[in-house]
Structure formats: structure tokens, C-alpha cells
Amino acid sequence: MRLKGIPLDVIASLAAPRRRRLPQGPVHVFIAIADHYEPMVGGAPLSQQMERVERWVRQYPESLGDFRDCWGRPPRHTFFYPAEVYEPEPVERLAHLCRVGYGEVEIHLHHDNDTASNLKETLLRFADTLRSEHGLLRDGPDGRPTYGFVHGNWALDNSRPDGRWCGVDNELKVLVETGCYGDFTLPSAPNPTQTRMVNSIYYARGVDGCRKSHDRGVRSRVGVIPAPEDLLLVQGPLALDWSRRKFGLAPSLENGEIHGGFPPSCRRLALWLNASVTVEGRENWRFIKLHTHGAKESNADVLLGGPTCDFHQTLRRLHLADADFNYYYVTTWEMTQLIHAAECGVEQPQLELLS
């Protein structure tokens with residue numbers, strides 16, 4: 001049974017009284033923003049798409065370029081660009097922003113009533129285009145481009161109850177076969193595609209003929225190396241926010257989304273940290289994967305404006321007040337490298353791990 005898209009056992013878990021305090025000693029917080037970046041939103045013509053992209057290219061360095069994390073790097077942004085509406089001009093402008101050190105571009109996809117063979121062709125073709133035409137992505141162990149993924153409409157692995165907005169059972173297997181290094185779709189609550197796994201970094205394996213194979217999985221853990229056929233899923237925070245009650249009674253849902261009416265803040269940071277998304281055995285490394293739809297003007301106002309600048313200043317003040325609090329701006333690919341480093345037993349995060 002579900003309540004507004006969330007399994008009841010998940011609601012019970014989120015509602016359980018607990019406070020996950022940060023471990024004593026140094027704590028390392030890695031922050032990534034997975035932007036479902038859709039400049040064509042609202043049916044925008046190419047001219048308007050370019051205006052939206054140019055705003056990011058111009059304002060991102062102006063607004064955020066002077067902030068620095070504990071590695072001395074500025075905020076970094078991951079643009080998940082929709083494969084089904086690819087336009088070379090806006091992607092090339094985003095590629096420019098990435099080349100000067102402000103982020104990376106990965107793959108987003110909306111599809112419906114699809115097949116595994118067509119999905120495989122779509123992903124391979126778009127990954128090759130990003131790599132060969134724009135110098136984006138990286139080469140995987142097999143020489144093909146490797147990519148991060150966000151599923152459109154939250155319907156990863158055909159997980160909607162009505163089967164819409166995907167159509168491919170065992171989509172996880174297709175992602176692994178086409179070079180996906182990790183999925184960053186979740187959490188999706190209050191959408192009914194939400195998994196029973198929450199606040200987790202974990203691995204799931206596609207099962208032939210079975211949809212939503214990622215509803216459960218094996219958590220990432222120090223000393224355990226995953227099998228090559230398993231897909232890494234990095235979830236963002238999911239929590240009940242009792243300080244924002246509906247009708248004065250029911251708590252609001254905190255799912256790590258940044259939008260025009262809900263900017264990042266110190267109060268939200270506390271919830272994200274308390275969600276405790278970690279690699280088991282390395283609890284002093286906290287992974288905060290947020291999400292947004294940054295091409296929309298009202299969201300860009302927040303992401304490129306005062307509220308986000310205030311948030312970065314808050315991070316700096318927290319570090320200056322407590323030298324054990326360390327924060328790092330990372331892309332989703334960089335976050336994945338840190339996860340694998342933790343799994344291999346690395347105890348101290350180093351910038352060299354990202355090269």
C-alpha cells in the first residue's frame with residue numbers, strides 16, 4: 001500500500017524517531033546537483049532555449065565563481081540533458097561552461113512504450129554524440145563513453161504502476177550494457193515510482209521480465225566490490241520535515257529538490273545530513289545528491305541568485321566555525337569516484353581520486 005506515492009513501510013521508517021548525529025572527528029560532505037536540464041520546457045523554440053542556456057553560461061561564473069570548497073574549487077553542476085530532444089547548439093554552450101571548470105553534462109531521457117533494443121540504440125548514439133561532437137563524457141574501460149543517467153518522469157526500469165513513460169522491463173540491464181556508471185533518478189517521492197530503498201547508495205541488478213528491479217538492492221559498503229552486472233544507484237535525501245507542517249499537523253516531504261519556492265538553506269542542510277546517505281563503514285563521508293530543473297526561469301532565479309549564494313556562504317561559515325566540517329562541490333561522476341574509493345578502503349578524500 002502507498003500513501004501519496006510512498007510505500008507505507010517507507011513512511012514508517014521516515015517517521016521513526018531518531019537523530020543520526022554526525023560522527024566525532026572530521027566529517028566530509030560531498031554535494032552534487034543533478035539538474036534535469038530541459039531548455040525546451042514549455043515547448044520553447046530554439047531561440048528561447050539558447051536564451052536559457054546563455055543565462056547559465058553568463059551568470060554561473062558571475063554569481064558562483066568566487067565561492068570555494070575545501071579543495072579550493074568552485075561549485076560544480078551536472079546537467080542531465082534530454083537525449084530525445086538533442087540540439088547541438090545549446091549542448092555546445094553547456095560544454096563550454098563545463099570546459100572552464102563548472103560542471104559536466106550527462107544523459108537524461110524521456111521515453112514511452114519503448115523497447116530494450118531501441119533504448120540501447122538511443123543511449124549508445126547519444127553518448128557517442130556527446131563524446132565525439134562536444135568532448136563530453138569519459139571513455140569507459142571498454143573504450144566506449146561512460147555516462148550518468150536520470151530517467152524522465154521518474155519511471156526508471158518501467159516502475160510506474162501503469163507502465164507509462166518507459167516500457168522497458170529490465171532497463172537496468174540495458175543501462176549497464178551501454179556504459180552507465182550510475183543512476184541519479186531517486187528519490188522520486190511523492191511519485192508512485194519511489195522505491196522501498198531510501199537514503200541509500202546501493203546496487204541493483206536487472207531481472208529479465210521484472211520491472212522495478214531496483215526497489216531493493218545491496219548497500220554500498222567498505223571492502224565490498226560490486227559485480228560488473230550491478231548498477232550503482234545514488235539516492236538523494238528523503239525525510240519528513242516536521243518544521244514545515246501541512247495544516248499545522250502533517251509534516252512536509254523533504255526530497256532534495258531545489259526550485260523557485262524552495263531554495264537550499266541551513267535548515268535543509270541539517271535534514272540532508274541527517275538522512276545519512278553514506279557508504280556503510282565510512283559514515284564520516286556524507287553524500288548529498290540534490291536535484292532540480294534548472295532551465296526553468298523561476299528555478300534559475302534561485303540557483304543563480306541570492307538564495308544559493310547565501311547557502312554557499314553558510315557552508316563556508318560552518319567550516320570556519322568547525323574545522324572538522326569539510327565540504328566539497330562535486331559532479332555526479334566525481335561523486336561516483338569517491339563512492340568507489342570509499343568501497344576500496346580509502347579513509348581520507350583527496351582531489352587526486354577524481355582524476
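The values are calculated or read from the model by the stated rules, or taken from the named source; none is laboratory data. Please read these numbers as outputs of a predicted model, since none were measured by experiment. Every residue, glycine as well, gets a Cβ built from its backbone with ideal geometry; the counts of neighbours run over all protein chains shown.
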_Restricting to segment 1-43, count the residues that are at pLDDT 95 or above, under 18 Å from Q235 (Cβ atoms) and of a type in the set (G, A, S)._
2
_I'm told T195 meets every condition in (1) of a type outside the set (A, V, I, L, M); (2) within 22 Å of V105 (Cβ to Cβ); (3) assigned to a loop (DSSP other than H, G, I, E, B) except one. Can you identify the failing condition by its number?_
(2)
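Just checking, how many residues over segment 45-68 are among the polar types (S, T, N, Q), surrounded by 17 or more Cβ atoms within 10 Å (Cβ to Cβ) and over 22 Å from L318 (Cα atoms)? Spell out the reasoning first.
As a first pass, look at segment 45-68 and keep what is among the polar types (S, T, N, Q): 47-49, 59, 63.
Okay, now just the ones that are also surrounded by 17 or more Cβ atoms within 10 Å (Cβ to Cβ), so 49, 63.
Going one step further and asking which of them are over 22 Å from L318 (Cα atoms), we end up with 49.
Count: 1.
Consider I225 carefully, then state whether it is touching a residue at least 24 places away in the same chain (Cβ under 8 Å), more than 20 Å from the chain's Cα centre (by Cα) and under 17 Å from M335 (Cα atoms).
On the way: touching a residue at least 24 places away in the same chain (Cβ under 8 Å): yes; more than 20 Å from the chain's Cα centre (by Cα): yes; under 17 Å from M335 (Cα atoms): yes.
Yes, satisfied.
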_Considering only residues that are of a type outside the set (V, I, T) and at pLDDT below 95, which ones fall in segment 212-226?_
P226
*Which ones in segment 163-173 are surrounded by 22 or more Cβ atoms within 10 Å (Cβ to Cβ) and in contact with a strand residue (DSSP E or B) (Cβ under 9 Å, 6 or more places away or on another chain)?*
C166, E171, L172
*Checking P228 against (1) closer than 27 Å to T178 by Cα; (2) part of a strand (DSSP E or B), which test does it fail?*
(2)
*Top-ranked residue in segment 69-83 [being outside any strand (DSSP E or B) and touching a residue at least 60 places away in the same chain (Cβ under 8 Å); ranked as surrounded by the most Cβ atoms within 10 Å (Cβ to Cβ)]*: P75
*asked:* Condition check: more than 17 Å from M335 (Cβ to Cβ) and surrounded by fewer than 16 Cβ atoms within 10 Å (Cβ to Cβ). Does P251 satisfy that?
replied: yes
*Residue list for segment 165-192, restricted to those being touching an Asp or Glu at 6+ places or on another chain (Cβ under 6 Å), over 20 Å from E38 (Cα atoms) and not in a helix (DSSP H, G or I)*: G167, V168, N170
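Considering only residues that are touching a residue at least 60 places away in the same chain (Cβ under 8 Å) and in contact with a strand residue (DSSP E or B) (Cβ under 6 Å, 6 or more places away or on another chain), which ones fall in segment 228-245? Talk me through it step by step, then tell me what you get.
Filtering segment 228-245 for residues touching a residue at least 60 places away in the same chain (Cβ under 8 Å) gives 232, 234, 236, 238-240.
Once the filter is applied, which keeps residues that are touching a residue at least 60 places away in the same chain (Cβ under 8 Å) and in contact with a strand residue (DSSP E or B) (Cβ under 6 Å, 6 or more places away or on another chain), segment 228-245 yields L232, V234, G236, A239, L240.
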*asked:* Of everything in segment 290-331, what is in contact with a Lys or Arg (Cβ under 7 Å, 6 or more places away or on another chain) and either aromatic (F, W, Y) or not in a loop (DSSP other than H, G, I, E, B) (or both)? Give them in sequence order.
replied: A300, Y329
*With respect to the numbered conditions (1) buried (at least 16 other Cβ atoms within 10 Å of the Cβ); (2) over 27 Å from N191 (Cβ atoms), which one is the sole condition not fulfilled by L318?*
(1)
